[in-house]
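Before I ask anything, here is the structure I am working with.
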């Protein structure tokens, strides 16, 4: 029987204000198309994608991505999906200063409810829009990411620019943590190894009562 076509499965959450383009980023990643007028996310939406990380011996990673609702009414539901996540895309809209300011609250939420080792990348979406419409500069976004210990990239769900690169950058950081022994991937809910000894499903791991270690 043929073995798995991947080396790791990594659970990602996508979080941030409503309207920043989280669903569009997910559809661009999984379907390579632009979702121009997405319906508001109710609770969570799911998508998956296989990517290869050249810098990590061409390991193949299966991303399991959960797009969470950005409205307060769904906050308690979406928080439950933070558990066991290996990575997080914290998204804001470069043309919306409030969405950037609210990223602090979203990050605090993630740090409260997710594993402390989770890899988080700050993503400034809608980078294709004109400079006149910008309310957050690249330098400001990058500076805040550095202050908070986050990875950073600007992307465009419309053009596709840097969308897959954002996930690759975060996945590469997670694989580095696995290699350095920051956490044991065989016992971590957010990571599934293709090694048969560690091929435990996410639900089975959760049922053991072991603590999550997201990254």
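The values are calculated or read from the model by the stated rules, or taken from the named source; none is laboratory data. The model shown is predicted, which means the values in this text are computed figures rather than measured ones. All Cβ positions, glycine included, derive from the backbone under ideal geometry; neighbour counts span all protein chains shown.
Being over 19 Å from the mean Cα position of the chain (by Cα) and either assigned to a helix (DSSP H, G or I) or surrounded by fewer than 16 Cβ atoms within 10 Å (Cβ to Cβ) (or both) is the filter here; which residues of the stretch 131-146 pass it?
131, 132, 133, 135, 137, 138, 139, 140, 143
If you don't mind, another one. From 95, 105, 112, grab the single residue that is touching a helix residue (DSSP H, G or I) at 6+ places or on another chain (Cβ under 7 Å) and either assigned to a helix (DSSP H, G or I) or surrounded by 15 or more Cβ atoms within 10 Å (Cβ to Cβ) (or both).
Numbers: 105 fails: touching a helix residue (DSSP H, G or I) at 6+ places or on another chain (Cβ under 7 Å); 112 fails: touching a helix residue (DSSP H, G or I) at 6+ places or on another chain (Cβ under 7 Å).
Result: 95 is the single residue among 95, 105, 112 that is touching a helix residue (DSSP H, G or I) at 6+ places or on another chain (Cβ under 7 Å) and either assigned to a helix (DSSP H, G or I) or surrounded by 15 or more Cβ atoms within 10 Å (Cβ to Cβ) (or both).
With the structure loaded, tell me whether residue 154 is more than 12 Å from the chain's Cα centre (by Cα) and either at pLDDT 95 or above or surrounded by 19 or more Cβ atoms within 10 Å (Cβ to Cβ) (or both) or whether it fails that test.
Numbers: more than 12 Å from the chain's Cα centre (by Cα): yes; either at pLDDT 95 or above or surrounded by 19 or more Cβ atoms within 10 Å (Cβ to Cβ) (or both): yes.
In short, yes.
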